[in-house]
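What follows is a single structure, written as structure tokens, with notes after it.
The values are calculated or read from the model by the stated rules, or taken from the named source; none is laboratory data. The structure presented is a predicted model; accordingly, all values stated were derived computationally and were not measured. Methodologically, a virtual Cβ is constructed for each residue, glycine included, from the backbone with ideal geometry; neighbour enumeration extends over all protein chains shown. Surface accessibility is based on the protein's heavy atoms, side chains included, excluding ligands, DNA and RNA. Shrake-Rupley method; radii C 1.70, N 1.55, O 1.52, S 1.80 Å.
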Amino acid sequence: MKRIVILGAGTAGTMMANHLNHELKRADWEIDIIDEREEHYYQPGYLFLPFDIYEPEDIVKTIDEFIPKGVRLVKGKIDRVQPDNNHVLMADGRVMNYDILIIATGAKIAPEETPGMLGEEWHKTVFDFYTFEGALNLRNKLRTWEGGKLVVHITEMPIKCPVAPLEFAFLADSYFQNKNMRDKVEITFVTPLSGAFTKPKATEALDHLLQDKHIKIESDFAIESVDQENKKIIDYGGREISYDLLVTVPTNKGDEVIERSGLGDDLNFIPTNKGSLQSLANKNIFVIGDASNIPASKAGSVAHFEAEILTENIKRYIHDEPLKEEFDGHANCFIETGHGKALLIDFNYSHEPVEGTFPFPGVGPLRLLKESRMNHMGKLAFRWIYWNMLLKGTHIPFVSATMQEAGKEF
Amino acid sequence: MEKMIAGKTIAVNEEGYLTDFSQWDKAVAEEIAKENNVELTPRHWEVISYLQGEHKNQVALSIRKIGKSNVVDIKEFYALFPNGPLKISTKIAGIPKPASCL
């Protein structure tokens, strides 16, 4: 009996548990998945929680209910991986050996990386919305906030879901309009990038939307520190931006277990082959989702596409066949733009998001890079798809793992 | 695209980054620096040569990585190449704009 161990039962790890449970001969393979948490959070919901669009119960379920019966869920804290002897050491002293290791430990915020961010005012006037607590505390703050300068801020790239901060700014515009207080709120979007997004054509469309919604953009801002006392953020060039309410996306890092295991780069992301998802250092270690350093977006859709390709590669690895270097960086993201509308973008390593139709070339029904109500309905429907299809590893009809070029206006 | 820089025809992309590093020389760097209001000092050249070395070794450049390089700290990097030091310094160095951002 051989053993596959999956580290992390988040989006990517759970999908892999379900895929492998279907695909591997269970007489030959035991599959274990390790996580210390009890809850599985629907992370895209963190965007909606602050604006009272979702309730906490919409976005949290237990980890157990998504792990198939044939897979053993091991609860506990991981101390480190010892790749030289194929061991995972648990904090309580247990040792688990593996033949194949799949790392899906994700990424999380590290506000301690920016001096002054984690001060007295953390979750009082300075908030993140990348954690459940942050999003919930921010909701409570917004319910009674009387207005002023709202600064939505990205610390440094890469971050999970690179469009989420923009969506937050758009939804804030919508939210304050609905509360009849838009004139009391000045919204500024502060980014280390040179524009609204990382890809030129989408940036053009999004810069335009920011203008329409009277959201000011401050670009090329590399934060050095937060001055909570005087309520301002300061960059390395000495530029200062004042706020009354700061909503920041702190530095994102891979899990500390990666650092303890000596497997990561300076942000604890694991050097990984971007086509095959095999780790560069160890042939029997594979990396999926936000934990890797591949140049794709850190997003659930990316993990979903990766999972289909990684499952194939695990089977090839087991049968001593060459791995497919097939992953193309495919990402597919809805971008909420407020007032019940959304954009949709579909892109990969080599093609930036462009206009077109999705998923049926020339038909749609979803339009790429254009605001529509249909796209917004798609985003809301996605929560159901996530809980009921995505985590279970069910293929989503008509949406292929690699990006489709037809129906796009390159 | 092509552009006349320092009396030579140089291949550049839409944003003005060199697409063929073999066409780069110090005169080209001086002129791109001038366009970006940067006057090159010996310190600038040290940073430029570090960036070119990293690029040659296929290291993805980021502000964070440069801050930990022991060549220059982030504060000085900003002082040398004000307003977006990474994109300005790489343009002067004749290497691609870092795609560290996704």
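From the phi angles alone, apply the Karplus equation (6.51, -1.76, 1.60; θ = phi - 60°) to segment A:302-310 and give each ³J(HN,Hα) in whole Hz, x where the residue is Gly or Pro.
5, 4, 4, 5, 4, 4, 5, 6, 5
How many angstrom lie between the C-alpha centres of segment A:266-324 and segment B:1-60?
Between the Cα centre of segment A:266-324 and that of segment B:1-60, the gap is 35 Å.
For the protein assembly as shown, what is the mean residue ellipticity at 222 nm derived from helices alone (per DSSP H run of n ≥ 4: -39500 (n - 2.57); sum divided by total residues; nearest 500 deg cm²/dmol)? Can you show the working numbers first?
Working: 13 runs with 141 residues, N = 512.
Computed mean residue ellipticity for the protein assembly as shown: -8500 deg cm²/dmol.
Taking the C-alpha atoms of segment A:324-409, how large are the radius of gyration and the largest Cα-Cα span, Dmax, in Å?
Rg, Dmax (Cα atoms, Å): 12.9, 43.
My understanding is that a pair violates if its Cα-Cα distance is over 20 Å; which of A:Lys341/A:Lys370; A:Lys69/A:Lys283; A:Lys160/B:Lys91; A:Lys2/A:Lys392 do that in this structure? List each step's numbers first, then the result.
Working: A:Lys341/A:Lys370 10 Å; A:Lys69/A:Lys283 28 Å; A:Lys160/B:Lys91 28 Å; A:Lys2/A:Lys392 23 Å.
The answer is A:Lys69/A:Lys283; A:Lys160/B:Lys91; A:Lys2/A:Lys392.
Across 20 Å bins from 0, what is the distribution of all Cα-Cα pair distances for the protein assembly as shown, in whole percents?
P(r) over the protein assembly as shown, rounded to whole percents: 21, 54, 24, 1.
Rank A:His40, A:Phe398, B:Ser69 by how far each Cα sits towards the positive end of the charge dipole of the protein assembly as shown (+1 on Lys, Arg Cβ; -1 on Asp, Glu Cβ) and give me just the farthest.
Value: A:Phe398.
Taking a probe of 1.4 angstrom, what is the accessible area of A:Val95 in Å², to the nearest 10?
The accessible area of A:Val95 comes to roughly 80 Å².
With no solvent and one equal point scatterer per Cα, compute the Debye intensity ratio I(q)/I(0) for segment A:207-328 at 0.12, 0.21 Å⁻¹ and report its log10, rounded to two decimals.
Ignoring solvent entirely, the Cα scatterers give -0.66, -1.12.
Treating only the Cβ atoms of Lys and Arg (+1) and Asp and Glu (-1) as charged, compute the dipole magnitude of segment A:75-234 about its Cα centre; round to the nearest 20 debye. It would help to have the intermediate numbers written out before the result.
Values: 20 positive and 24 negative charges, 126 e Å.
My answer is approximately 600 debye.
Per residue Cα convex hull volume for segment B:2-93, in cubic angstrom? Intermediate results must be reported in sequence, preceding the final value.
Values: hull volume 8.6 nm³, N = 92.
That works out to 94 Å³ per residue.
Solvent-accessible area of A:Thr62, probe 1.4 Å, all protein chains present, reported in Å² to the nearest ten, please.
Rounded to the nearest 10, that gives 60 Å².
Figure the gain on full extension for A:Lys370 and A:Asn85 (residue separation times 0.36 nm, minus the Cα-Cα span) and round it to one decimal in nm.
Numbers: separation 285, 0.36 × 285 = 102.60 nm, distance 5.16 nm.
Here the answer is 97.4 nm.
Probe radius 1.4 Å, ligands and nucleic acids ignored: give me the carbon and sulfur share of the accessible area of segment A:179-312 as a rounded percent.
Working: 2140 of 4890 Å².
The value for segment A:179-312 is 44 percent carbon and sulfur by accessible area.
Given segment B:38-89 reduced to its alpha-carbon atoms as identical point scatterers, what log10 I(q)/I(0) does the Debye formula return at q = 0.25 Å⁻¹?
Log-scaled intensity ratios, in q order: -1.01.
Treat each spin label as a single point 7 Å out from the Cα along the C-beta direction, and report the A:Glu120 to A:Met377 distance in nm.
Rounded to a tenth, the inter-label distance reads 5.1 nm.
What accessible area per residue comes out for chain B, rounded to a whole number of Å², with a 1.4 Å probe?
53
Obtain the nm distance between the two label points defined at A:Glu23 and B:Asn70 by a simple spin-label model: each point lies 7 Å from its Cα along the Cα-to-C-beta direction.
About 4.3 nm, to one decimal.
Working from the alpha-carbon coordinates of segment A:250-391, get Rg over Rh, Rh being the Kirkwood radius.
Working: Rg = 17.2 Å, Rh = 16.7 Å.
Taking Rh as the inverse mean 1/r over Cα pairs, Rg/Rh reads 1.03.
What's the average, rounded to a whole number, of partner chain beta-carbon atoms within 10 Å of each residue's beta-carbon in B:74-86?
Details: counts 5, 4, 1, 3, 7, 3, 0, 1, 4, 6, 8, 4, 4.
Taking the mean over all residues of the peptide, I get 4.
May I ask for the equivalent-ellipsoid semi-axes of segment A:1-116, computed as the square root of five times each C-alpha gyration tensor eigenvalue and listed largest first in whole Å? Kindly include the intermediate steps, with their values, before the conclusion.
On the way: eigenvalues 165, 78, 24 Å².
Square roots of five times the eigenvalues give 29, 20, 11 Å.
Buried accessible area between B and A (1.4 Å probe, both chains summed, ligands and nucleic acids excluded), in Å² to the nearest 100? Each step should come with its number before you reach the end.
Values: alone 6210 and 17100 Å², together 21890 Å².
Protein heavy atoms only, the B-A interface buries about 1400 Å².
On a 0 to 90° scale, report how tilted helix A:373-385 is relative to the longest principal axis of chain A, with both axes built from alpha carbons and the result rounded to the nearest 10.
Taking the Cα atoms of chain A, the angle to A:373-385 is about 40 degrees.
Return one whole number: the accessible area per residue of segment A:154-217 in Å², for a 1.4 Å probe. Walk me through the intermediate numbers first.
Values: 2430 Å² over 64 residues.
About 38 Å² of surface per residue is accessible.
Given q = 0.15, 0.18, 0.20, 0.21 Å⁻¹, what are the Debye log10 I(q)/I(0) values for segment A:109-252, with equal point scatterers placed on the Cα positions and solvent ignored?
Log10 I(q)/I(0), no solvent term: -0.70, -1.05, -1.32, -1.46.
Going by a 1.4 Å probe on protein heavy atoms, which residues of segment A:259-307 end up with at least 30 Å² less accessible surface in the whole assembly than in their chain alone?
With the partner chains in place, segment A:259-307 has these residues losing at least 30 Å²: A:Asp266, A:Pro295.
For segment A:88-134, which whole-number percentage of the solvent-accessible area (1.4 Å probe, protein heavy atoms only) is attributable to carbon and sulfur atoms? Display every interim value, and only then the final one.
Values: 960 of 1870 Å².
About 51 percent, which is the carbon plus sulfur part of the accessible surface.
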